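**Q** Just passing along the structure, written as structure tokens.
Read-outs throughout are calculated quantities, based only on the coordinates presented, and are distinct from any laboratory measurement. Nothing here was measured: the structure is a model prediction, and the numbers come from that model. Neighbour counts are summed over all protein chains in view; Cβ atoms, including those assigned to glycine, are modelled from backbone coordinates with ideal geometry.
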Amino acid sequence: MQSVFMTQEVANVAVLGSTGSIGRNTLEVIAASGGSLASVALSAHTSLDLLIEQARQVRPRWVVAADPAAAGGHDWSALPSGVQLLTGPEGLEAVATHQDVQIVVAAIVGSAGLRGTWAAVAAGKTVALANKETMVVAGPLVTQLAQRSGARIVPVDSEHSAVFQALQAGRREEVKRVILTASGGPFRNHTFEQLAEVTVVDALHHPTWTMGPKITIDSATMMNKALEIIEARWLFDLQPEQIEVVVHPQSIVHSLVEFVDGSVIAQLSSPDMKLPIQYALTYPRRLAGVASRLDFTETMRLDFEPPDPQRFPALALGLEVARAGGTAGAVLNAANEAAVAKFRAGKLRFTDIVPSCRAVLEQHQFDPHPSLEQLLGLDVWARQEVMRWACT
Ligand code: MG
């Protein structure tokens with residue numbers, strides 16, 4: 001496949017989810033690209049004032065307010081003239097598939113990001129995938145779609161970017177296993193009793209990464225790593241047995257690939273999302289960028305330890321779901337999103353997030369070969385089930 005950079009032209013980027021943590025970092029990367037990247041479309045769900053502010057800075061062709069109700073009640077008088085306002089899922093699909101857009105950054109949080117990503121993949125775009133839910137919910141369908149359309153999916157998730165980079169050290173059939181690193185989150189050394197008492201404020205404080213609230217809580221339960229196991233399975237066509245997790249509190253080694261001869265190739269960098277974002281936007285080239293650097297003039301420790309399956313049962317659940325495939329990923333993802341929302345509302349204990357996901361998974365009607373419509377239906381069903389699930 002030809003890179004958009006081979007043409008030496010400006011690559012036009014649509015940033016779906018530009019007001020979130022990944023979106024804001026993406027705009028910094030584009031601003032520092034020396035003109036080789038241009039933001040032509042931005043989108044937001046509810047942070048519409050920030051969306052207007054971003055539009056005033058980067059002057060895109062389009063802004064998309066993904067929630068039509070929020071868009072209707074908003075004052076758009078500060079939106080620069082010449083910037084076209086689109087609304088709703090149709091607006092997202094329009095920019096994701098537009099012929100003048102070469103790269104789509106899929107950075108909308110949660111399963112809400114699936115439709116825009118799907119449209120971009122169907123249109124054969126280069127998709128910088130930050131929305132891991134796309135792969136968790138519909139991995140096999142999305143990879144088949146990409147094969148048909150010629151779309152290239154480049155991971156933005158730091159672990160998957162690391163794996164993507166390390167895989168280039170050998171042939172696919174020479175890969176023994178992939179080892180995803182996990183920071184362990186803020187409760188790495190908590191006892192089970194301490195975990196049961198965790199508050200929302202505690203769970204929103206991540207030791208190494210600054211991220212949005214949903215993924216920060218997922219890091220604390222290690223559900224984020226469970227979702228990343230499933231993401232890796234579909235993204236790299238791995239068997240679940242080939243995927244392992246190691247706790248690495250410093251978040252410097254972003255993941256590792258072991259080849260059949262025993263060589264382990266790792267990717268190291270500061271915990272700064274601008275690096276994997278930029279690599280996804282410029283692949284297969286590497287450009288000078290704005291990501292922070294590692295400093296080897298100071299003593300640096302890299303620790304690795306096995307995760308504790310008792311205190312962090314999300315990991316085993318993630319492997320089970322990766323093995324099951326079919327509808328399991330969609331149900332786990334939706335159940336977890338609903339459980340996290342319930343925890344943030346003070347209506348579910350931290351240690352009940354993963355068991356509620358397991359309960360919903362066990363109740364659902366499993367189908368090994370679902371359609372996209374079926375997956376979207378299960379997404380709604382699983383959320384309702386979590387809301388009904390009794391808090392003990
Ligand atoms: Mg990650």
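**Q** Once the other residues with Cβ under 14 Å from the Cβ of Gly73 are scored (Lys, Arg +1; Asp, Glu -1), what is the net sum?
**A** Charge balance in the 14 Å sphere: -3.
**Q** Still on this structure, I have one more. Suppose R0 equals 41 Å. What FRET efficiency, 1/(1 + (r/R0)^6) with r the Cβ-Cβ distance, do Glu197 and Glu9 give to the nearest 0.05?
**A** Computed FRET efficiency for Glu197 and Glu9 comes out at 0.15.
**Q** For every helix of n ≥ 4 consecutive DSSP H residues, a contribution of -39,500 (n - 2.57) applies; sum these over the chain, divide by its total residues, and give [θ] at 222 nm rounded to the nearest 500 deg cm²/dmol.
**A** Mean residue ellipticity, 222 nm, calculated: -13000 deg cm²/dmol.
**Q** I've got another one for you. Any chance you could run the full-extension gain for Ala288 through Ser77? It's 0.36 nm times the residue separation minus the Cα-Cα distance, nm to one decimal.
**A** On the way: separation 211, 0.36 × 211 = 75.96 nm, distance 3.75 nm.
72.2 nm is the gain from fully extending Ala288 to Ser77.
**Q** Asp100 versus Leu204, label points 7 Å from Cα toward the beta carbon: distance in nm?
**A** Reported label-point gap for Asp100 and Leu204 is 3.9 nm.
**Q** I need the per residue convex hull volume for the stretch 263-325, using only the alpha carbons, in cubic angstrom as a whole number.
**A** 194
**Q** Ok, one more. Aspartates and glutamates near Lys214 by alpha-carbon distance under 13 Å, same-chain residues fewer than 8 away left out - which ones?
**A** Once the sequence-local aspartates and glutamates are set aside, what remains near Lys214 is Glu133, Glu337.
**Q** If you count, for each residue, the other Cβ atoms within 10 Å and average over each peptide, how do 42-50, 81-89 line up from highest to lowest? Don't jump to the answer; show the numbers that get you there.
**A** On the way: 42-50: 20.9, 81-89: 14.3.
Packing order, densest peptide first, comes out as 42-50, 81-89.
**Q** Kindly state, to the nearest 0.05, the FRET efficiency for Gln363 paired with Ala70, given R0 = 56 Å and r defined as their beta-carbon distance.
**A** Efficiency for this residue pair is about 0.95.
**Q** Using only the Cα atoms of the chain, build the gyration tensor, take square roots of its eigenvalues as a ≥ b ≥ c, and label the shape rounded, prolate or oblate: rounded if a/c is under 1.5, else prolate if a/b is larger than b/c, else oblate.
**A** rounded
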